[in-house]
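Comments concern the structure below.
The values are calculated or read from the model by the stated rules, or taken from the named source; none is laboratory data. Keep in mind the model is a prediction, meaning the values are calculated, not measured. Don't worry about glycine lacking a Cβ; one is built from the backbone with ideal geometry, like all the others, and counts go over all protein chains shown.
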Amino acid sequence: MLDLMPAPHLIFNEWDKHGTCSGLSPSAYFDTVRKARAAVKIPPDYGDVKEPLTVTPSEVEDAFIKANAGLKPTGMAIECDKKRLTEVRLCFSKDLQFRDCAEIAKRSCRRDQLLMPRERGGNG
C-alpha cells in the first residue's frame, strides 16, 4: 500500500479506523481500497504537481467532477487546514460507484484560497 499511502503508520491507521469494522479481511479490505483509488481520475492539472498551486476549493471540486463521470458536489468534500488543501474525500457505494454523502460534503473547506502542495509520492 506504500504506493498509495506515504507511510506505514497511515496504512495501519486506515485499517484500525475503517478496515476492522468493514467485515473484510485485511487483504480484501486493502484490495477494495486499491480498486476505489483506481476508480478515481485525478484531474490533469493536479496529477503531477511539481510546485505548489494556489487553488480555490470550488476549482478543485469542479476539476474532480469534470474528470469523474457521476461524481457530484454532494458526494465529496475538499478538506483543508489553515492554508493548504489536505484531502479530497469522495464517497462510494459498496459497489464502488460514486454516491451522495451529505455528512461528508457539509464539512467541505470554506476558505477563499488554498495551496495545493507539490506531490510527495504515490502514483498521482
For region 72-98 the number of residues that are of a type outside the set (A, V, I, L, M, F, W, C), in contact (Cβ under 8 Å) with a residue 12 or more places away in the chain and either part of a strand (DSSP E or B) or in contact with a strand residue (DSSP E or B) (Cβ under 6 Å, 6 or more places away or on another chain) (or both) is 5
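A quick yes/no check of all residues on (1) in a helix (DSSP H, G or I); (2) over 20 Å from residue 98 (Cα atoms):
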{"position": "4", "(1), (2)": "no, no"}
{"position": "20", "(1), (2)": "yes, yes"}
{"position": "32", "(1), (2)": "yes, no"}
{"position": "49", "(1), (2)": "no, yes"}
{"position": "58", "(1), (2)": "yes, no"}
{"position": "65", "(1), (2)": "yes, no"}
{"position": "70", "(1), (2)": "no, no"}
For residue 97, the lone unmet condition from (1) within 14 Å of the chain's Cα centre (by Cα); (2) closer than 22 Å to residue 33 by Cα; (3) not hydroxyl-bearing (Ser, Thr, Tyr) is (1)
Being surrounded by 14 or more Cβ atoms within 10 Å (Cβ to Cβ), at negative phi and either assigned by TED's automatic domain parsing to the domain that holds residue 14 or not hydrophobic (A, V, I, L, M, F, W, C) (or both) narrows 61, 103, 51 down to just 61
Does residue 41 satisfy being under 15 Å from residue 90 (Cα atoms), of a type in the set (D, E, K, R) and in contact (Cβ under 8 Å) with a residue 60 or more places away in the chain? no
Checklist (1) in the same structural domain as residue 114 (by TED's automatic domain parsing); (2) farther than 17 Å from residue 118 by Cβ; (3) acidic (Asp, Glu) applied to residue 81, failing item: (2)
Only one of 56, 20 is surrounded by fewer than 17 Cβ atoms within 10 Å (Cβ to Cβ) and outside the structural domain of residue 6 (by TED's automatic domain parsing), namely 56
